[in-house]
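Encoded as structure tokens, the structure appears first; notes follow it.
The values are calculated or read from the model by the stated rules, or taken from the named source; none is laboratory data. What you are looking at is a predicted structure, and each value in this text was computed from that prediction instead of being measured. Note: ideal-geometry Cβ built from the backbone for every residue, glycine included; neighbour counts use all protein chains shown. All accessible areas refer to the heavy atoms of the entire protein, side chains included, with ligands and DNA or RNA removed. Shrake-Rupley method; radii C 1.70, N 1.55, O 1.52, S 1.80 Å.
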Amino acid sequence: NIKNLQEKVKVLDQNRTPRYKLYTQTEKEILTRTIKLNEEVGELCNDILAILKLQRRAKLQKFDRRNMYEEFADVIITAIQLAIAAGVDVERAVGDKLKKIEERYLREKK
């Protein structure tokens, strides 16, 4: 039953869960931004499901297609905030990644 399952999971958690301690404000900010990014991606996913008409009827009735622009912007802005908190140069990261993608595309095209 569910109660037994809860108790077993609780015991597992006590024995296996590492004890993390966030020491610095930067570590706390990185964690907070990471969680926020996941929230924003989830909201974007909800809008994509709505566009594809894969949401339940109640959510489809509330859906406004224009909101998706805001959700994309939220994801981009939050990802940049996370990059700043983690000390990542976004311009360099995107440039390096685009270069890798282009090189892979050219290799695969041959």
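Structural remarks
Results for (1) open to solvent by less than 70 Å² (accessible area, probe 1.4 Å); (2) part of a helix (DSSP H, G or I), shown as yes or no for each residue.
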residue	(1), (2)
Lys8	no, yes
Gln14	no, yes
Glu39	no, yes
Leu49	yes, yes
Gln55	yes, no
Arg65	no, no
Met68	yes, yes
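- Test: Ala86 is touching a Leu at 6+ places or on another chain (Cβ under 7 Å) and in contact (Cβ under 8 Å) with a residue 40 or more places away in the chain: no
Conditions (1) under 30 Å from Val88 (Cα atoms); (2) without any contact (Cβ under 8 Å) to a residue 40 or more places away in the chain, marked per residue:
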| position | (1), (2) |
| --- | --- |
| Tyr23 | yes, yes |
| Glu27 | yes, yes |
| Thr34 | yes, no |
| Ile51 | no, yes |
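- Among the residues of the stretch 16-33, those identified as open to solvent by less than 80 Å² (accessible area, probe 1.4 Å), part of a loop (DSSP other than H, G, I, E, B) and not polar (S, T, N, Q) are Pro18, Leu22.
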